[in-house]
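**Q** Supplied in structure tokens, the structure appears directly below.
The values are calculated or read from the model by the stated rules, or taken from the named source; none is laboratory data. Only a predicted model underlies this, so the values are computations on that prediction, with no experimental measurement involved. Here the Cβ positions follow ideal geometry from the backbone for every residue, glycine too, while neighbour counts run over all protein chains shown.
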Amino acid sequence: MSALKDKKILIGVCGSIAAYKTVFLTRLFIKAGAQVKVIMTSSATDFIQPLTFSTLSKNGCLTSYTNGDGSVWNNHVDLATWADLFLIAPATADTIAKMAHGISENLLIGTYLSARCPVFIAPAMDLDMFHHPSTQDNLKKIKSYGNYIIPVETGELASGLFGEGRMAEPESILREVENHLLYKETVLKGKKVVITAGPTKEHIDPVRFLSNNSSGKMGIALAEAAALHGADVSLVLGPTDLRTNNPSIKVIPVTSAEEMYQATRAFFDTLDIIIFSAAVADYTPKSKADQKMKKLKDDFELQLKRTKDIAGSFAEVKKKNQMSIGFALETQNGDEYAKNKLTSKKFDLIVLNSLTDPGAGFRHDTNKIRIIHNNGQIQTFELKSKKEVAQDIILAIENRML
């Protein structure tokens, strides 16, 4: 049974060519058993007739505070309090700006400002509009209010340009909403989860550094999956261009292994679960030059020292009611090394993936893993997207907690 059964979904439609996708999305919601009401901006009616949404939803599609002759008042507060979830798709740059600054000049924005339920926004606009600093600032602002931003997709745009700005496909939006409703109440609800993610940079001088190829994709996917399951998530994130779209996740940006240790150590006493998914440098330069080092005629020797073992440090103070999960990325003897690490770091389970598996490892959107438990259980999974892998790992953690 779908998590959408009998849920009340309010959809806001703005003036974009992507409005045609919302017709299909409305049908998907209805087929999943949801009750749907639709609000359109006046510009949206230039693309899709309100009658289309009225017919699909079996509810009148609203476009203003009153009907044509002013005899009926469409109460924005009643609409907002009726909904279990409010989805604005497509959300144009104009509407996003109004949402960010509380400019309530139409029924859709008035209803948004009165909403007490979760609000999901699926942006849709052209490439340059999406990347304009004002749009990016407005997206950050509405995200900071606790709204959920459904990432845009990359592809051909109405202008003929190719790039970011396409509204997510209806099936992707449906999945985001279903996941939110499905995992709202789980065994992770309210648990304090700390996740380390991404690489570290160990500077040699202000310009040069030692690092690795980790993008942070897997760790961010884990943070988003844990938050989706109701956890209170803190993400200690190394230097990466990637970001999370979930406003409930507390992100602590760090650069070096020492900074990651200090940021993570602060949570040791209070956390319930910690996932060590970061690719932390094992070594760092013994000394860092204050100025850029000049090229020498002869060879140059760099002296390194060990960095602090974050997982090992936690193992020394780990309490019986705390759970720790490690990662192992190997090129050979994967099971053997992973099992040794599982024991030495006192992990409850360890996630093993191999650089020899096509599509797995650093910077890929996919991963192929084995989960090895300290009770001897081993779970093997096929190649999946990192978002799906993250769900598998979180479910494995939850099953251990039952």
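**Q** Identify, by number, the condition in (1) part of a strand (DSSP E or B); (2) crowded, with 20+ Cβ neighbours inside 10 Å that Val251 doesn't meet.
**A** (2)
**Q** On to the next question. Among Lys143, Lys98, which is touching a Pro at 6+ places or on another chain (Cβ under 6 Å) and assigned to a helix (DSSP H, G or I)? Working first, answer last.
**A** Details: Lys98 fails: touching a Pro at 6+ places or on another chain (Cβ under 6 Å).
Matching residue, one of Lys143, Lys98: Lys143.
**Q** Do you know which of the residues in the stretch 328-347 that are of a type outside the set (A, V, I, L, M, F, W, C), farther than 14 Å from Ile378 by Cβ and surrounded by 13 or more Cβ atoms within 10 Å (Cβ to Cβ) is nearest to the chain's Cα centre (by Cα)? First the steps, then the outcome.
**A** Our first condition is that a residue be of a type outside the set (A, V, I, L, M, F, W, C); within the stretch 328-347, this holds for 330-337, 339-341, 343-346.
Checking the rest, the ones that are also farther than 14 Å from Ile378 by Cβ come to 330-333, 337, 340-341, 343-346.
The next check asks that each one be surrounded by 13 or more Cβ atoms within 10 Å (Cβ to Cβ); those that pass are 330, 337, 340-341, 344-346.
Numbers: Glu330: 26, Tyr337: 30, Asn340: 32, Lys341: 28, Ser344: 31, Lys345: 28, Lys346: 28 Å.
Ranking the candidates gives Glu330 first.
**Q** State all residues of the stretch 302-333 that are in contact (Cβ under 8 Å) with a residue 24 or more places away in the chain, part of a helix (DSSP H, G or I) and not hydrophobic (A, V, I, L, M, F, W, C); if no residue qualifies, say none.
**A** Those that are in contact (Cβ under 8 Å) with a residue 24 or more places away in the chain, part of a helix (DSSP H, G or I) and not hydrophobic (A, V, I, L, M, F, W, C): Gly312, Ser313.
**Q** Somewhere in the stretch 177-189, is a residue free of Cβ contacts under 8 Å to residues at least 40 places away in the same chain and outside the structural domain of Val119 (by TED's automatic domain parsing)? Don't jump to the end; show me each part of the working.
**A** Quick first cut of the stretch 177-189, residues free of Cβ contacts under 8 Å to residues at least 40 places away in the same chain only: none.
No, that holds for no residue.
**Q** Inside the stretch 354-402, can you point out the residues that are of a type in the set (S, T, N, Q) and part of a loop (DSSP other than H, G, I, E, B)?
**A** The initial filter retains those residues of the stretch 354-402 that are of a type in the set (S, T, N, Q), namely 354, 356, 366-367, 374-375, 377, 379-380, 385, 391, 399.
Matches in the stretch 354-402: Thr356, Asn374, Asn375, Gln377.
Okay, residues lined up against (1) surrounded by 18 or more Cβ atoms within 10 Å (Cβ to Cβ); (2) within 33 Å of the chain's Cα centre (by Cα):
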{"site": "Ile30", "(1), (2)": "no, yes"}
{"site": "Val38", "(1), (2)": "yes, yes"}
{"site": "Gly60", "(1), (2)": "no, no"}
{"site": "Ser64", "(1), (2)": "no, no"}
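**Q** Determine which member of the set Ile150, Ile204, Ile173, Ile195 is among the aliphatic types (A, V, I, L, M), modelled with pLDDT of 90 or more and surrounded by fewer than 20 Cβ atoms within 10 Å (Cβ to Cβ).
**A** Details: Ile150 fails: surrounded by fewer than 20 Cβ atoms within 10 Å (Cβ to Cβ); Ile173 fails: surrounded by fewer than 20 Cβ atoms within 10 Å (Cβ to Cβ); Ile195 fails: surrounded by fewer than 20 Cβ atoms within 10 Å (Cβ to Cβ).
Exactly one of Ile150, Ile204, Ile173, Ile195 is among the aliphatic types (A, V, I, L, M), modelled with pLDDT of 90 or more and surrounded by fewer than 20 Cβ atoms within 10 Å (Cβ to Cβ), namely Ile204.
**Q** Follow-up. Out of Gln262, Gln291, report the one residue that is at pLDDT below 95, polar (S, T, N, Q) and closer than 23 Å to Leu210 by Cβ. Spell out the reasoning first.
**A** Working: Gln262 fails: at pLDDT below 95.
It is Gln291.
**Q** Okay, next question. How many residues does the stretch 37-72 hold that are touching a residue at least 12 places away in the same chain (Cβ under 8 Å), over 19 Å from Gly110 (Cβ atoms) and not in a loop (DSSP other than H, G, I, E, B)?
**A** Selection size over the stretch 37-72: 5.
**Q** Turning to a different aspect of this structure: Report, by residue number, each residue of the stretch 21-36 that is touching a helix residue (DSSP H, G or I) at 6+ places or on another chain (Cβ under 8 Å) and either among the β-branched types (Val, Ile, Thr) or part of a helix (DSSP H, G or I) (or both).
**A** Lys21, Thr22, Val23, Phe24, Leu25, Thr26, Arg27, Leu28, Phe29, Ile30, Val36
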